[in-house]
Amino acid sequence: IQCDAAFVVPDTLEDARFHDHPLVIGNPKIRFYAGISLHGPTGYRLGTLCILDNKPRSFTEPDKLTLRDLGAWAELELQVLTVKKATEIAREKEARLQAIVETAGDAIITFDESSRIESFNPAAIRNFGHSAQTIIGQHVSKLVASEDREKIGLYIRTLVQRNSDSNRPDRVELLGLRSDGTT
């Protein structure tokens, strides 16, 4: 695993490092070994791709180049599998979060940096009387009573700057406005 080039042992019984190894003298009776180290995306050595046989073999320079190419292919496949697994985990987490939001008893409303509503859960639909289809994309101030619209604007500007301002308010209380105009 420490070698960058192909590591080849044409006959394990004739190599002092391996002649008495349990896998050489016992089953599977390895007599030939060729391997190339495999690396992760950061260069960390993960293991080896190896070719084994129960009889001695020669291994040419073109064979070593082929092994190197197979190793590069294996590394790529490992990275693809890692990305697929990370994507799968992210999707599972997103699905769990979505299930929590959808079943929460409290209204949960998300909006973007432009203060446009992105999501509106079932409790928000019950509380505000808007359907998700009609309210998503609207400015969040549509859900706030007129006397609190200035307050929501200030709060949103503070949220946008939150990374540079550690004294941001953690919450704000506002008077909500239902679809029928009641508060």
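The values are calculated or read from the model by the stated rules, or taken from the named source; none is laboratory data. Not measured: the values here are computed from a predicted model. Reconstructed Cβ throughout: ideal geometry from the backbone, glycine too, with neighbour counts over all protein chains shown. Ligands, DNA and RNA are excluded from the accessible area calculation, which covers all protein heavy atoms including side chains. Shrake-Rupley method; radii C 1.70, N 1.55, O 1.52, S 1.80 Å.
Legend: calculated FRET efficiency, Glu113 to Ile89, from the Cβ-Cβ distance at R0 = 25 Å, rounded to 0.05, equals 0.40. Computing P(r) over Cα pairs in 10 Å bins from 0, in percent directly from the structure and comparing it against (1) 8, 22, 27, 22, 14, 5, 1, 0; (2) 8, 21, 17, 10, 9, 11, 13, 8, 2, 0; (3) 11, 34, 31, 17, 6, 1 singles out (2).
Placing R0 at 41 angstrom, the Cβ-Cβ distance between Val160 and Cys50 gives a FRET efficiency of 0.15 after rounding to 0.05.
Between Thr48 and Leu38, the built amide H atoms are under 5 Å apart, and every one of these is 5 or more places off in sequence or on another chain. Residues whose amide H falls under 5 Å from that of Ile30, counting only those 5 or more places apart or on a different chain, are Val24, with hydrogens built in the peptide plane.
Straight Cα distances below 29 angstrom link Lys55 to the lysines Lys29, Lys64, with same-chain residues fewer than 8 positions distant left out. On a per residue basis, the chain carries 70 Å² of accessible surface, using protein heavy atoms and a 1.4 Å probe.
Per-residue Karplus couplings for the range 85-98, computed as 6.51 cos²θ - 1.76 cosθ + 1.60 with θ equal to phi - 60°, are listed in order as 5, 4, 5, 4, 5, 4, 5, 4, 5, 5, 5, 5, 4, 4 Hz, Gly and Pro entered as x.
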